[in-house]
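The values are calculated or read from the model by the stated rules, or taken from the named source; none is laboratory data. Every value quoted in this text rests on a predicted model; they were computed, and no experiment measured them. Don't worry about glycine lacking a Cβ; one is built from the backbone with ideal geometry, like all the others, and counts go over all protein chains shown.
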Amino acid sequence: MNSFLNMVWAFIRRDFLIATSYKFQFIFQLTAGFFIVAFFYFISQLIDSGASGKMLSRYQTDYFSFVLIGVAAAGFLQTGLSGFADRLRTGMTEGSLEMTFSCPVKPIWVLVLPCLWGFLFEALKAFVIVLFGVFIFGASLGKADLLSGAIILLFTITSYSVFGILSASIIMVIKRGDPLNLVFTAASSLIAGAYFPTDLLPAWLAWVAKILPMTYAYDGLRMTLLTGAGISEVSHDLVVLSGFTLIGLPLAIWVAHSAIAKSKRDGSLGVF
Amino acid sequence: MTEHTSLLHVDRVSKAYVVRSMKEVLLRRPPRYVNALESITMHLQPGQVTALLGPNGAGKTTLINILCDLTRADSGSVVVGGYPIPEKSLDAQSEIGYVTTNDRSFFWRLTGRKNLEFFAVLQGMSQQLAGNRTHELLVRFNLLEQADRPFNTYSAGMKKRLGIARAFLQDPAILLMDEPTNGLDARSTEDLLGLVKKEIMESQKTVLWATHRADEVERLCDRVIVLIGGRIYFDDAIDAFREVSRRHQVFTIESRLPETPSESLDQFISETDLTLQGDKTSRTVKMIGTGDKQHLSDILAGLIGKGVLISQIERQSEPLHKVFMHLENSVSDKAVHSA
């Protein structure tokens with residue numbers, strides 16, 4: 001256990017040091033959220049609060065506060081979807097992947113651990129976005145139940161990681177052009193409720209939204225952070241996310257093992 | 001060389017890569033296979049430094065990748081330090097220090113020290129132990145002064161030294177070194193070979209040194225395995241390899257032909273496979289042939305006996321690939337020893 005935690009820390013430290021060695025990019029990425037928050041703030045000024053109020057009554061909030069959570073979570077969830085594959089491809093193209101695989105580390109960790117810094121950084125970015133939203137643009141998060149929000153976030157990470165690991169497995173074999181990532185990124189942005197409530201969608205699309213875990217992630221985060229809902233009130237979201245994790249994660253890990261084994265059989269582990 | 005005492009045991013390992021273009025996939029044509037390794041058998045004894053010598057494309061990197069479990073063999077068995085691959089890959093990988101020819105295996109934005117510390121933790125060390133071990137190796141490989149500089153500022157020689165230091169991190173029983181001097185100039189190569197030789201001698205590690213350079217083999221290795229086109233053509237002690245190399249030398253004889261060359265001279269030149277360069281009418285020609293010292297002296301005696309004046313003789317080793325070809329043609333049955 002201790003050596004595993006050492007390894008977790010080693011990956012986070014490595015990626016933190018690499019990220020901060022690009023100082024301008026690091027600062028820009030961290031603060032660029034300001035422009036997105038400002039963009040949605042001004043959009044929200046165009047939206048009639050009476051009309052949007054009905055749609056957003058579930059969250060007892062205005063459009064700006066609603067979309068702020070969506071914006072903060074979207075980048076974070078994007079890392080869950082594409083971070084594993086991105087890190088894998090970086091390892092392939094930079095040439096460090098084979099050396100990491102030659103170390104006595106379980107292959108699945110070589111796939112998963114490089115993404116930890118991505119999650120931490122996205123969480124930091126999400127936090128900064130919320131800070132901008134609350135302290136500069138006046139979003140209302142006064143009722144937030146942070147503990148419940150954190151639990152929802154944890155299960156969001158694990159359920160999104162299912163797609164992330166599957167996506168990385170595809171990249172491991174076909175090297176480029178992962179369709180899974182494309183589909184779920186689009187779905188996450190468009191129909192899961194990142195920028196508008198799913199009630200606005202046509203019935204058939206709203207039905208599609210209901211089978212996506214992202215929908216429950218956005219809903220759970222908004223309920224806990226905007227209305228102060230506790231765990232019991234978001235239990236439905238939590239059950240879906242945890243159920244998805246329990247079923248999907250072992251499957252994703254099995255697929256990843258198979259993809260690594262295939263890549264080794266093909267002799268294409270470091271090929272990109 | 002018995003397999004019972006060997007530290008690294010490769011038995012009838014074969015590997016072929018599938019080559020299939022998009023057109024072939026669409027037309028549902030059966031895939032083509034390129035043989036990278038064909039029934040390779042070898043056993044490395046503890047403390048032995050073995051060269052894996054072969055031209056580019058011989059299969060050296062494929063074999064090393066199989067030993068590191070980066071590539072899976074199609075058939076045969078591999079046991080490293082008593083652990084079968086792939087069943088006990090992680091245990092086997094703990095026994096291996098791997099030096100790759102690829103400098104990109106490091107993280108270029110990190111310092112040399114941080115790179116080593118990262119890989120030390122992947123070898124199962126605690127953060128503190130990783131720090132101590134890294135420091136010790138930076139001293140041993142003369143990199144302490146540059147330890148806190150980003151890797152991308154290192155010279156080619158420093159990068160190679162750090163690569164070898166990384167292979168020593170967990171003090172492995174076996175070192176697999178894939179062309180570690182690749183891309184170095186003569187001076188840096190010389191320095192690196194000196195350093196490696198010292199480290200190997202002191203640590204008594206079992207080493208597989210993949211290279212296409214015979215001079216490296218001469219300097220470092222006890223045993224030579226020649227790999228060409230995925231097959232072993234030679235596996236014997238370094239002295240036996242030297243003997244084979246000696247037998248395959250190119251000689252150039254600058255000579256002046258007699259005013260009226262006899263038919264028997266033409267016949268002699270033809271029988272001894274000498275190649276003539278220059279104009280026979282001017283009588284000054286170069287004769288080029290191959291063979292060992294004895295063969296050369298027989299030729300010289302024959303030429304002098306037929307009235308040829310010898311002005312100069314040059315001897316040089318035949319290019320390695322030609323030696324390999326000779327081995328392929330003439331020595332394979334005799335020289336391949338199953339370990």
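Look through the range B:141-150, keep the residues that are surrounded by fewer than 22 Cβ atoms within 10 Å (Cβ to Cβ) and not basic (Lys, Arg), and return whichever of them is farthest from the other protein chains (Cβ to nearest Cβ). Break it down into steps so the answer makes sense when it comes.
Initial filter on the range B:141-150 (surrounded by fewer than 22 Cβ atoms within 10 Å (Cβ to Cβ)): B:142-150.
Those left that are additionally not basic (Lys, Arg): B:142-148, B:150.
On the way: B:ASN142: 22, B:LEU143: 18, B:LEU144: 20, B:GLU145: 20, B:GLN146: 17, B:ALA147: 14, B:ASP148: 12, B:PRO150: 7 Å.
The extreme case among them is B:ASN142.
Can you confirm whether A:SER268 is modelled with pLDDT under 95, under 30 Å from B:LEU67 (Cβ atoms) and surrounded by 21 or more Cβ atoms within 10 Å (Cβ to Cβ)? Break it down stepwise before answering.
Details: modelled with pLDDT under 95: yes; under 30 Å from B:LEU67 (Cβ atoms): yes; surrounded by 21 or more Cβ atoms within 10 Å (Cβ to Cβ): no.
It is false that A:SER268 is modelled with pLDDT under 95, under 30 Å from B:LEU67 (Cβ atoms) and surrounded by 21 or more Cβ atoms within 10 Å (Cβ to Cβ).
Identify the single condition in (1) more than 14 Å from chain B (Cβ to nearest Cβ); (2) touching a residue at least 24 places away in the same chain (Cβ under 8 Å); (3) out of contact with any Asp or Glu (no Cβ under 6 Å at 6 or more places or on another chain); (4) small (Gly, Ala, Ser) that A:GLY228 does not satisfy, given that it satisfies every other one.
The single condition A:GLY228 does not satisfy is (3).
Do the conditions hold for A:GLY220, that is, is it small (Gly, Ala, Ser) and surrounded by fewer than 17 Cβ atoms within 10 Å (Cβ to Cβ)?
no
Only one of these is farther than 29 Å from B:GLY54 by Cβ and β-branched (Val, Ile, Thr): B:VAL79, B:VAL139. Name it. It would help to see each step written out before you state the result.
Details: B:VAL79 fails: farther than 29 Å from B:GLY54 by Cβ.
Step by step, each of B:VAL79, B:VAL139 is checked, and only B:VAL139 is farther than 29 Å from B:GLY54 by Cβ and β-branched (Val, Ile, Thr).
In the range B:91-123, what count of residues is obtained for those that are crowded, with 20+ Cβ neighbours inside 10 Å, small (Gly, Ala, Ser) and at the interface with chain A (Cβ under 7 Å from one of its Cβ atoms)?
Of the residues in that region, 1 qualify.
So how many residues does the range B:19-62 have that are touching a helix residue (DSSP H, G or I) at 6+ places or on another chain (Cβ under 7 Å) and either under 18 Å from B:LEU176 (Cα atoms) or more than 14 Å from chain A (Cβ to nearest Cβ) (or both)?
8
Mind listing whichever residues of the range B:289-309 are assigned to a strand (DSSP E or B) and surrounded by 15 or more Cβ atoms within 10 Å (Cβ to Cβ)?
Our first condition is that a residue be assigned to a strand (DSSP E or B); within the range B:289-309, this holds for B:289-291, B:309.
B:GLY289, B:THR290, B:GLY291, listed by residue number.
If you scan the range B:248-271, which residues turn out to be surrounded by 16 or more Cβ atoms within 10 Å (Cβ to Cβ) and at pLDDT below 85?
If the condition is that a residue be surrounded by 16 or more Cβ atoms within 10 Å (Cβ to Cβ) and at pLDDT below 85, then B:HIS248, B:GLN249 are the ones that fit.
Every residue in the range B:83-117 that is more than 22 Å from A:MET7 (Cα to Cα), more than 24 Å from the chain's Cα centre (by Cα) and without any contact (Cβ under 8 Å) to a residue 12 or more places away in the chain, please.
The answer is B:PRO84, B:GLU87.
Just to verify a result, which residue in the range B:124-140, among those that are within 7 Å of chain A (Cβ to nearest Cβ) and part of a loop (DSSP other than H, G, I, E, B), is surrounded by the fewest Cβ atoms within 10 Å (Cβ to Cβ)?
Here is the first cut: in the range B:124-140, the ones within 7 Å of chain A (Cβ to nearest Cβ) are B:124, B:126-127.
Remaining after also requiring part of a loop (DSSP other than H, G, I, E, B): B:124, B:126.
Numbers: B:GLY124: 18, B:SER126: 14.
By that ranking, first place goes to B:SER126.
Do you know which of the residues in the range B:63-82 that are facing chain A (nearest Cβ under 10 Å) and touching a residue at least 60 places away in the same chain (Cβ under 8 Å) is surrounded by the most Cβ atoms within 10 Å (Cβ to Cβ)? Let's see the steps before the verdict.
Step one: of the range B:63-82, the residues facing chain A (nearest Cβ under 10 Å) are B:64-74.
Subsequent filtering for residues that are touching a residue at least 60 places away in the same chain (Cβ under 8 Å) retains B:64, B:67-68, B:73-74.
Working: B:ILE64: 24, B:LEU67: 25, B:CYS68: 23, B:ALA73: 27, B:ASP74: 15.
Only one residue fits best here, namely B:ALA73.
When you check B:THR211 against the structure, is it surrounded by 21 or more Cβ atoms within 10 Å (Cβ to Cβ), closer than 14 Å to B:GLY54 by Cα and polar (S, T, N, Q), yes or no?
Numbers: surrounded by 21 or more Cβ atoms within 10 Å (Cβ to Cβ): yes; closer than 14 Å to B:GLY54 by Cα: yes; polar (S, T, N, Q): yes.
Yes, satisfied.
Of everything in the range B:172-208, what is of a type in the set (Gly, Ala, Ser), touching a Leu at 6+ places or on another chain (Cβ under 9 Å) and surrounded by fewer than 17 Cβ atoms within 10 Å (Cβ to Cβ)? Give them in sequence order. Break it down into steps so the answer makes sense when it comes.
Taking the range B:172-208 as the starting set, the residues that turn out to be of a type in the set (Gly, Ala, Ser) are B:173, B:183, B:186, B:188, B:194, B:203.
Pick out the ones that are also touching a Leu at 6+ places or on another chain (Cβ under 9 Å) and you get B:173, B:203.
Listed by number, the list holds a single entry, B:SER203.
For the range A:1-48: of the residues being under 21 Å from A:ALA72 (Cα atoms) and outside any helix (DSSP H, G or I), which is nearest to the other protein chains (Cβ to nearest Cβ)?
Here the answer is A:ALA32.
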